[in-house]
1. Go through 54/128; 145/185; 5/185; 5/83; 83/186; 83/145 and tell me which ones have a Cα-Cα distance over 23 Å in this structure.
2. What is the magnitude of the charge dipole of segment 5-190 about its Cα centre, with +1 placed on the Cβ of each Lys and Arg, -1 on the Cβ of each Asp and Glu, and no other charges, expressed in debye to the nearest 20?
3. Can you give the local net charge around residue 118? Use residues other than it whose beta-carbon is closer than 9 angstrom to its beta-carbon, Lys and Arg +1, Asp and Glu -1.
4. Please enumerate, by chain and number, the lysines with C-alpha under 16 Å from the C-alpha of residue 3, excluding those fewer than 8 residues away in the same chain.
5. Hey, which aspartates and glutamates would be in cross-link range of residue 135, C-alpha to C-alpha under 14 Å, not counting anything within fewer than 8 residues on its own chain?
6. Among 150, 38, 101, whose Cα sits farthest toward the positive end of the charge dipole of the chain (+1 at Cβ of Lys/Arg, -1 at Cβ of Asp/Glu, about the Cα centre)?
7. Mind sorting out which of (1) 16.8; (2) 17.2; (3) 27.0 is the real Kirkwood radius over Cα pairs in Å computed from the coordinates?
8. Per the helix-only calculation at 222 nm, which mean residue ellipticity applies to the chain, given -39500 (n - 2.57) for every DSSP H run of n ≥ 4 and division by its residues, nearest 500 deg cm²/dmol?
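Computed from the coordinates by the stated procedures, all read-outs in this text should not be read as laboratory data. Everything numeric in this text was worked out from a predicted model, so none of it was measured. Cβ atoms come from the backbone with ideal geometry, glycine included; neighbour counts cover every protein chain shown.
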Amino acid sequence: MKKKKIILGSSSKFRKSLLSTINIEFSCISPNIDEKQLPNEKPKNMALRLAIEKGKRISQNYKDSLVISSDACAACEGKILGKPITETKAQEYLKFISEKTIFFYTSICLMDSNTMSYDIDLATYEIKIKKLSEKVINDYINKYKPLNSSAAFRYEVAKDILVDSFIDKENDISGLIGLPLIKLKKMLEKNNIITD
């Protein structure tokens, strides 16, 4: 039986860095899909759907592979907060989440590109944001440039600046950075891929 290649379906440097910590050989391919929210779509459902769509897109072109795909979605008061892309939008998001609870959902999907079968799971995080002054918001944006992070929130730098309290139901902070490694390792082991 031919050994399957492992593909990370992402161009995220954060996901690539996280995956490199579990000692498997992989390549990275960007799925280039439309990541817009569907009408009335719930945040959890959006994260799950997009991970599956990313896996399918790559699987269509790369056979004999296991495709790892993921999506992160942030929501506050029922509103999905995507990647701000601009500093103005980042300021708007951070003002909106100030003194509120924000939920992060990070999906993880492992798809067999030959059969299109997959395992999928979701990591959930609940974070209470401090009261954020305009100075804190502007300093954070200028220093850390969180324009490609959901809700302008980069946990690895935001935890000391923005976070008041944090509930990690997963016992795995890697999902908040972009790739739930504990869940992924279990999926890989089911497919006879040894990690670490």
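1. 54/128; 145/185; 5/83; 83/186
2. Dipole magnitude for segment 5-190 comes out near 200 debye.
3. -1
4. Cα-Cα hits under 16 Å: 63, 190.
5. 87, 92
6. Value: 38.
7. Looking at Kirkwood radius over Cα pairs in Å for this model, the match is (2).
8. On the way: 7 runs with 64 residues, N = 196.
The helix contribution divided over the chain gives -9500 deg cm²/dmol.
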